[in-house]
1. Restricting to the stretch 106-122, give me the number of residues that are surrounded by 15 or more Cβ atoms within 10 Å (Cβ to Cβ) and farther than 17 Å from TRP85 by Cα.
2. If I filter the stretch 105-115 for residues that are of a type in the set (Val, Ile, Thr) and either part of a helix (DSSP H, G or I) or out of contact with any strand residue (DSSP E or B) (no Cβ under 9 Å at 6 or more places or on another chain) (or both), do I get at least one hit?
3. Would you confirm, using the coordinates I've provided, whether ALA39 is touching a Lys or Arg at 6+ places or on another chain (Cβ under 9 Å) and surrounded by fewer than 19 Cβ atoms within 10 Å (Cβ to Cβ)?
4. For the stretch 113-123, how many residues meet the condition of being touching a residue at least 24 places away in the same chain (Cβ under 8 Å) and either touching a Pro at 6+ places or on another chain (Cβ under 9 Å) or closer than 20 Å to VAL47 by Cβ (or both)?
5. Could you tell me how many of the residues in the stretch 42-58 are under 14 Å from ASN15 (Cα atoms) and crowded, with 19+ Cβ neighbours inside 10 Å?
6. Restricting the first residue to the stretch 131-147 and requiring it to be farther than 18 Å from ALA119 by Cβ, which pairs with a second residue that is in a helix (DSSP H, G or I) and not aliphatic (A, V, I, L, M) meet a Cβ separation below 7 Å and a spacing of at least six or different chains?
7. Here are some conditions: (1) modelled with pLDDT under 95; (2) of a type in the set (Ser, Thr, Tyr); (3) in a helix (DSSP H, G or I). TYR134 meets all but one. Which one does it not meet?
8. Could you check PRO22 against (1) of a type outside the set (A, V, I, L, M, F, W, C); (2) within 22 Å of SER104 (Cβ to Cβ); (3) under 14 Å from the mean Cα position of the chain (by Cα) and say which number it fails?
Amino acid sequence: MSAQLVLLLSGPNLNLLGEREPEVYGSATLDDHVEVARAAAAVHGLVVEHLQSNHEGELVDAVHGARGRCAAIVINPGAFTHYAWAIHDALAAFDGPVVEVHLSNPATREPWRHTSVVAPVAAGTIAGFGSDGYRLAVDAVASLLDR
């Protein structure tokens, strides 16, 4: 039996992690965070496939492509968190668990960051734990898949 696949999606500007606002997002790169997720997934017998895009439609297409193929989705939508209703709708049509993850805690930042349009279609949100958030998100997905 093959391992279950978890799609890890990274939104706009996350390709700049390690360089962009390290006081907010830390010094780890996106590749570092993906490796944390992959290591956590391996512990649970899961495999992570990752896509980063600065384009909303590409993320929507990835969610559509995950239907019937992936067991779960972990998504850090970046700024799309706050207004990308197309991502919301795509995730709503996905049959498996969805976990939203953020390196920083949007609730403690600027008011425009306090609303997530992804949260209503996610099983839960993990925010503010830096790279540990990726491990926690994969652990949450594994727990949801075991139910």
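The values are calculated or read from the model by the stated rules, or taken from the named source; none is laboratory data. A quick note: this is a predicted structure, and the numbers were derived from the prediction, not measured. For neighbour counting, all protein chains shown are included, and Cβ atoms are generated from backbone atoms with ideal geometry for every residue, glycine included.
1. 1
2. For the stretch 105-115, residues of a type in the set (Val, Ile, Thr) and either part of a helix (DSSP H, G or I) or out of contact with any strand residue (DSSP E or B) (no Cβ under 9 Å at 6 or more places or on another chain) (or both): present.
3. yes
4. Total satisfying the criteria: 7.
5. To start, the set of residues in the stretch 42-58 that are under 14 Å from ASN15 (Cα atoms) comprises 50-55.
Okay, now just the ones that are also crowded, with 19+ Cβ neighbours inside 10 Å, so 52-53.
Looking only at that region, the number is 2.
6. Going by the 7 Å Cβ cut-off, the qualifying pairs are SER131/ASP32; SER131/HIS33.
7. It fails just one condition, (1).
8. Looking at each condition in turn, PRO22 falls short on (3).
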